[in-house]
Amino acid sequence: MSGARGSAAPPPLEVDAHGWVSGARRLPSPNFEARPPGAVPSLVVVHNISLPPDVFGGPEIADLFLNRLDCDAHPYFDAHLRGVRVSAHFVIHRDGALEQFVSCDERAWHAGASNFFGRERCNDFSIGIELEGSDTTPFEAAQYATLAALVTALAKRYPVQALAGHSDIAPGRKTDPGPHFDWPRLQRDTQLDDARFPYRHPADDARDAS
Ligand SMILES: [Zn+2]
């Protein structure tokens, strides 16, 4: 949807003194812990998630992060999610609605075994953002708009040095945010410099050189 009469750009997002974002619906998850001493959020990790896979719009993502997902409700849940304790800091729904589950000051459980240019345990020093989506479906304009506003707010508040996909820091194990995620669009919308997209430019360089 666009061009609705009277629509206006949403106000910019801000991170409060406790690591919670204004404008996000707060759904505090118990799945977090303190960051290690001295660790600050310097990496933003972009994911996709849909539960069940490729089904959008239900409450299941929040239910998973709040440890209340009914694992008898779907064979996928039964096979993969029973007893799983995970969280991300943020979820951006298909309509752009933003939910926050963990304070950015705390360590959420989104990346699992991971490695950012030799630095392991990316959850220690990252903020995880889940886009409701899948590897097979383009994301919505409203999701990019919210993501750009969120990343801009995070980069103002924290020393964000890089953005990466889950697949970048857990290659071979994870594929999200998937082939439809438009990194150049995110960079354009946030106006962050090339250095903060360390996984994106080798391919561009190769293409330009060919
Ligand atoms: Zn992921």
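Details
- Answer residue from segment 37-74, given it is of a type in the set (D, E, K, R) and more than 12 Å from GLU132 (Cβ to Cβ) and is farthest from the ligand (Cβ to nearest atom) among those: ASP72
Table: residues versus (1) within 16 Å of the ligand (Cβ to nearest atom); (2) surrounded by fewer than 19 Cβ atoms within 10 Å (Cβ to Cβ); (3) of a type outside the set (Lys, Arg); (4) closer than 17 Å to VAL21 by Cβ.
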position	(1), (2), (3), (4)
PHE139	yes, no, yes, no
ALA155	no, yes, yes, yes
PRO184	no, yes, yes, no
ARG188	no, yes, no, no
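- Within segment 140-160, tally of residues that are aromatic (Phe, Trp, Tyr) and touching a residue at least 60 places away in the same chain (Cβ under 8 Å): 1
- Boolean, GLU132 is under 20 Å from SER50 (Cα atoms), within 16 Å of the ligand (Cβ to nearest atom) and of a type outside the set (Lys, Arg): yes
- Long-range neighbours under 6 Å by Cβ, at least six apart or interchain, first residue among the acidic types (Asp, Glu) within segment 41-67, second within 12 Å of the ligand (Cβ to nearest atom): ASP54/SER134
- Checking each residue in segment 157-178 for being assigned to a helix (DSSP H, G or I) and either under 14 Å from the mean Cα position of the chain (by Cα) or within 11 Å of the ligand (Cβ to nearest atom) (or both) picks out HIS166, SER167, ASP168, ILE169.
- For segment 11-49, filtered to residues that are β-branched (Val, Ile, Thr) and touching a Gly at 6+ places or on another chain (Cβ under 6 Å), the residue that is surrounded by the fewest Cβ atoms within 10 Å (Cβ to Cβ) is VAL46.
- Contacts under 7 angstrom Cβ, first residue in segment 91-106 being on the phi > 0 side of the Ramachandran plot and free of Cβ contacts under 8 Å to residues at least 60 places away in the same chain, partner assigned to a strand (DSSP E or B) and surrounded by fewer than 18 Cβ atoms within 10 Å (Cβ to Cβ), 6 or more apart: none
- Restricting attention to segment 70-118, the residues being part of a loop (DSSP other than H, G, I, E, B) and of a type outside the set (Lys, Arg) number 29.
- When the test is whether a residue is within 16 Å of the ligand (Cβ to nearest atom) and over 28 Å from ASP95 (Cβ atoms), ARG119 does not pass it.
- Per-region count, segment 10-44, residues modelled with pLDDT under 95 and assigned to a strand (DSSP E or B): 0
The values are calculated or read from the model by the stated rules, or taken from the named source; none is laboratory data. Keep in mind the model is a prediction, meaning the values are calculated, not measured. In this analysis, Cβ positions are derived from the backbone assuming ideal geometry, glycine residues included, and neighbour counts consider all displayed protein chains.
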